[in-house]
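The structure appears below as structure tokens.
The values are calculated or read from the model by the stated rules, or taken from the named source; none is laboratory data. These figures come from a predicted structure and were not determined experimentally. With ideal geometry, Cβ positions are generated from the backbone for all residues, glycine too; neighbour counts draw on all protein chains shown.
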Protein chains: 2
Amino acid sequence: MKIGLLGFGVVGRGVYEITCARDDMQVTKVLCLEDISLPDAEAVKDFKEILNDDSIDTVVEAMGGLHPAYEFVRAAIEAGKNVVTSNKALVCTFYDELLPLAQSKGVKFRSTAAVGGGIGWLSELERSRRVQTISQVGGIMNGTCNYILDNMTRMGLNYDDVLKQAQKLGYAEANPSTDVDGIDTWHKVILSSNIAFGVTVDKSTVPVAGIRNIQAQDVENFKAHGLVCKLISTGKRTENGCSVYVQPTLVKEGEPEAAVPMNYNLITFIGDTSERMSFYGQGAGRYPTAYNVVQDLVDVLEGKGFYAPYGEKVAADNSEKLTWYVRGNWQGETAESWGNAVIVKDVSVTDMHAWLKENSEAFVAAIRA
Amino acid sequence: MKIGLLGFGVVGRGVYEITCARDDMQVTKVLCLEDISLPDAEAVKDFKEILNDDSIDTVVEAMGGLHPAYEFVRAAIEAGKNVVTSNKALVCTFYDELLPLAQSKGVKFRSTAAVGGGIGWLSELERSRRVQTISQVGGIMNGTCNYILDNMTRMGLNYDDVLKQAQKLGYAEANPSTDVDGIDTWHKVILSSNIAFGVTVDKSTVPVAGIRNIQAQDVENFKAHGLVCKLISTGKRTENGCSVYVQPTLVKEGEPEAAVPMNYNLITFIGDTSERMSFYGQGAGRYPTAYNVVQDLVDVLEGKGFYAPYGEKVAADNSEKLTWYVRGNWQGETAESWGNAVIVKDVSVTDMHAWLKENSEAFVAAIRA
């Protein structure tokens with residue numbers, strides 16, 4: 001296998017290093033705008049040098065971002081090259097375009113590192129689908145949010161202080177919005193739901209609430225009630241389709257999610273025969289992510305394409321009614337007061353997220369039964 | 001695929017039910033000493049009816065126990081039939097016989113359900129080996145022990161009372177020795193080490209200590225120091241081979257292992273690029289176990305054999321020095337007293353297990369750093 005590697009940042013360099021030690025694959029060209037010199041590969045600055053190189057059968061996209069990653073991946077597939085990517089935003093955003101295209105062109109397309117970094121999550125959904133119906137996917141899918149929430153919980157610190165610390169340590173970006181506003185998790189749960197349920201979830205019907213507004217006093221309220229706050233994604237099969245959403249969620253101390261420390265992930269599926277299966281590991285980082293990219297390359301060598309057949313577009317139905325912790329200007333009925341916040345019952349996911357849109361300073365978390 | 005199913009107990013019936021819903025495999029004969037009548041399969045009482053049936057290409061062994069499971073599996077392999085089993089004692093005990101035999105006969109042999117029940121553990125070790133070196137395996141591999149320890153910890157109950165409760169609820173057998181003395185975990189970590197490290201660990205060099213002697217006062221001592229006791233298995237690559245052992249282990253409250261409730265398992269491997277990866281799920285039960293048996297059958301259909309090449313026999317080197325909690329007649333140096341127990345430092349795994357053999361009333365647990 002001759003590989004054209006797009007990007008030589010954290011993940012790209014890891015992929016290069018791991019493949020260098022293998023006989024069955026070789027990175028022959030690396031697209032990188034900076035000047036680099038590699039012993040075994042040619043550094044190029046123009047994607048066409050990879051696209052038009054017929055000896056390259058597989059493209060690894062490790063640039064991140066939507067553009068020009070999308071244009072490059074699309075062109076590679078159209079040129080009959082297999083594509084492996086760790087780019088969740090790309091795969092999620094252009095799912096209904098790239099998947100059918102790869103299928104029609106007969107090329108392999110995989111993205112295991114896009115969800116859970118080094119966790120064999122999408123590949124296990126693929127394995128699981130062979131034998132059972134998956135009824136639920138989700139969990140803690142973002143290490144930055146978990147790092148922030150874990151430190152706020154353990155140390156009683158403020159959001160801003162922990163965020164600054166996380167940025168200093170490299171657990172959060174200078175602009176943390178993609179992580180703390182839940183966008184990263186949103187991409188991951190949509191992609192996981194698409195694969196687990198064999199559908200294409202209409203992204204506009206999947207609400208997301210992040211952790212930006214959480215305060216130390218909220219964490220104190222949770223502690224007083226034996227609860228721990230985590231950013232949790234949910235994708236569930238329902239009678240007529242599926243329900244998919246991302247929101248801060250309060251779980252009981254002693255639950256497996258509550259014990260997830262630092263920047264770790266804990267992702268779970270429930271199947272009709274396997275029952276609950278959870279995966280705990282490094283959801284990001286150079287080598288864990290590169291590890292799963294190389295796993296995909298081995299799978300491509302073994303003839304494996306995407307994890308599930310492309311399925312029809314469905315709107316998520318989030319009419320499920322939950323109990324909520326709400327700190328903000330809530331005018332409706334309340335069941336209890338917890339300090340300066342209230343507990344609200346029997347409000348649907350759709351309705352609570354709609355309210356949150358109008359009350360952008362509020363903090364809301366679902367309470368898991 | 002035509003399947004001969006040996007045994008129609010908890011697992012066997014689950015396998016039968018799941019395969020009935022599939023087009024690609026069919027249980028055509030079931031070996032069962034009781035009188036049963038099945039719509040789609042013939043019940044037989046003599047194994048020869050399966051062995052001599054040339055239309056049967058694959059045998060699923062779901063009887064448990066060593067004999068006659070061993071004789072039947074051996075005969076099936078010799079007759080050129082693929083074998084899938086959930087029997088950890090069988091695979092572990094006869095590893096150095098069945099594996100080379102299956103290899104020489106060119107038949108597929110798999111046993112994913114033997115470790116972790118429904119967890120895709122052995123199959124993930126197989127996947128992981130394609131890309132990286134695995135340096136460590138182990139964890140909480142026995143649901144009965146975890147149920148007992150979890151209930152003692154959460155409720156402050158005595159061992160005997162929790163065991164009785166576990167037996168009533170079906171979490172422990174009438175004779176609980178295989179579970180509480182750590183034998184089940186011992187089989188599982190030896191099998192996992194064999195696969196992860198590509199060796200055949202000499203079983204006589206793997207020490208095991210169980211939880212039979214733990215008392216409520218021990219649990220109180222642990223709590224006072226922020227520790228939780230779990231039965232944890234360890235298999236590690238060392239400079240010259242590997243270290244493998246099973247023993248009660250004290251982990252810090254807040255560690256992922258400490259949060260594993262009820263009869264759940266948490267099994268972990270560490271790889272040089274994936275880093276730590278853990279699997280949490282139902283380690284037993286009809287459908288989870290049957291799920292992984294059927295996964296193996298699908299893998300056999302796809303041409304997959306055993307998880308790793310058969311490797312040479314190695315003795316475990318357990319000279320690693322640990323810190324221990326010891327309640328019993330310890331005569332050596334001590335670092336601290338915890339109530340009626342002592343903390344002992346810098347004693348090797350080998351030496352502590354040797355001492356424990358001479359002091360069968362004592363309770364010992366390693367303290368994880």
| field | Residue satisfying all of: in the range A:264-287; among the hydrophobic types (A, V, I, L, M, F, W, C) and within 17 Å of A:T234 (Cβ to Cβ); nearest to the other protein chains (Cβ to nearest Cβ) among these | value | A:M277
| Does the range A:298-318 include one or more residues that are more than 25 Å from A:L266 (Cα to Cα) and at pLDDT below 95? | yes
| task | Consider A:L163 carefully, then state whether it is of a type outside the set (S, T, N, Q), farther than 14 Å from A:L191 by Cα and more than 14 Å from chain B (Cβ to nearest Cβ). | result | yes
| When the range B:115-149 is examined, which residues are found to be among the polar types (S, T, N, Q), within 12 Å of another protein chain (Cβ to nearest Cβ) and more than 18 Å from A:T273 (Cα to Cα)? | B:S128, B:Q132, B:T133
| field | the range A:298-324, residues that are of a type in the set (A, V, I, L, M, F, W, C) and either without any contact (Cβ under 8 Å) to a residue 24 or more places away in the chain or at the interface with another protein chain (Cβ under 8 Å from one of its Cβ atoms) (or both) | value | A:V298
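Pick out, from the range A:147-214, the helices (runs of 4 or more DSSP H) lying fully within it that include 2 or more residues that are under 18 Å from the mean Cα position of the chain (by Cα).
Hits in the range A:147-214: A:177-180, A:183-197.
Of a type in the set (V, I, T), crowded, with 24+ Cβ neighbours inside 10 Å and at pLDDT 95 or above, is that true of A:V44?
Values: of a type in the set (V, I, T): yes; crowded, with 24+ Cβ neighbours inside 10 Å: no; at pLDDT 95 or above: yes.
No, not satisfied.
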| query | Which condition number does A:N221 fail, the rest of (1) in a loop (DSSP other than H, G, I, E, B); (2) touching a strand residue (DSSP E or B) at 6+ places or on another chain (Cβ under 7 Å) being met? | reply | (1)
| Entirely in the range A:304-353, the strands (runs of 3 or more DSSP E) that have 1 or more residues that are within 30 Å of A:L122 (Cα to Cα) | A:321-327, A:341-348
| Taking only pairs six or more apart or across chains, which ones have beta-carbon atoms under 6 Å, a first residue in the range B:9-22 that is closer than 14 Å to B:Q295 by Cα, and a second residue that is part of a helix (DSSP H, G or I) and of a type outside the set (S, T, N, Q)? | B:V11/B:A290; B:G14/B:R286; B:G14/B:Y287; B:G14/B:A290; B:V15/B:A290; B:V15/B:V293; B:I18/B:A290; B:I18/B:V294
| said: Would you confirm, using the coordinates I've provided, whether A:E302 is assigned by TED's automatic domain parsing to the domain that holds A:D181 and of a type outside the set (K, R)? | reply: no
| Tell me, which residue of the range B:211-263 that is of a type in the set (G, A, S) and within 14 Å of chain A (Cβ to nearest Cβ) is surrounded by the fewest Cβ atoms within 10 Å (Cβ to Cβ)? | B:G226
| Residue, farthest from B:R286 (Cα to Cα), within the range A:248-272, restricted to residues that are part of a strand (DSSP E or B) and in contact with a Gly (Cβ under 7 Å, 6 or more places away or on another chain) | A:Y264
| message | Quick check on my filter: what residues within the range B:151-184 are at positive phi and buried (at least 20 other Cβ atoms within 10 Å of the Cβ)? | response | B:G182
| said: So in the range A:343-353, with the set limited to residues that are among the aliphatic types (A, V, I, L, M) and in contact with a Ser or Thr (Cβ under 9 Å, 6 or more places away or on another chain), which one is nearest to A:Q331 (Cα to Cα)? | reply: A:V344
| said: Among the residues of the range A:288-297, what is the count of those that are at the interface with chain B (Cβ under 9 Å from one of its Cβ atoms) and within 17 Å of the chain's Cα centre (by Cα)? | reply: 4
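Yes/no per residue for (1) part of a helix (DSSP H, G or I); (2) of a type outside the set (A, V, I, L, M); (3) surrounded by fewer than 18 Cβ atoms within 10 Å (Cβ to Cβ):
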{"site": "B:L5", "(1), (2), (3)": "no, no, no"}
{"site": "B:G12", "(1), (2), (3)": "yes, yes, no"}
{"site": "B:V15", "(1), (2), (3)": "yes, no, no"}
{"site": "B:T19", "(1), (2), (3)": "yes, yes, no"}
{"site": "B:R22", "(1), (2), (3)": "no, yes, yes"}
{"site": "B:E34", "(1), (2), (3)": "no, yes, yes"}
| said: Within the range A:89-103, does at least one residue satisfy the condition of being buried (at least 20 other Cβ atoms within 10 Å of the Cβ), out of contact with any strand residue (DSSP E or B) (no Cβ under 7 Å at 6 or more places or on another chain) and outside any helix (DSSP H, G or I)? | reply: no
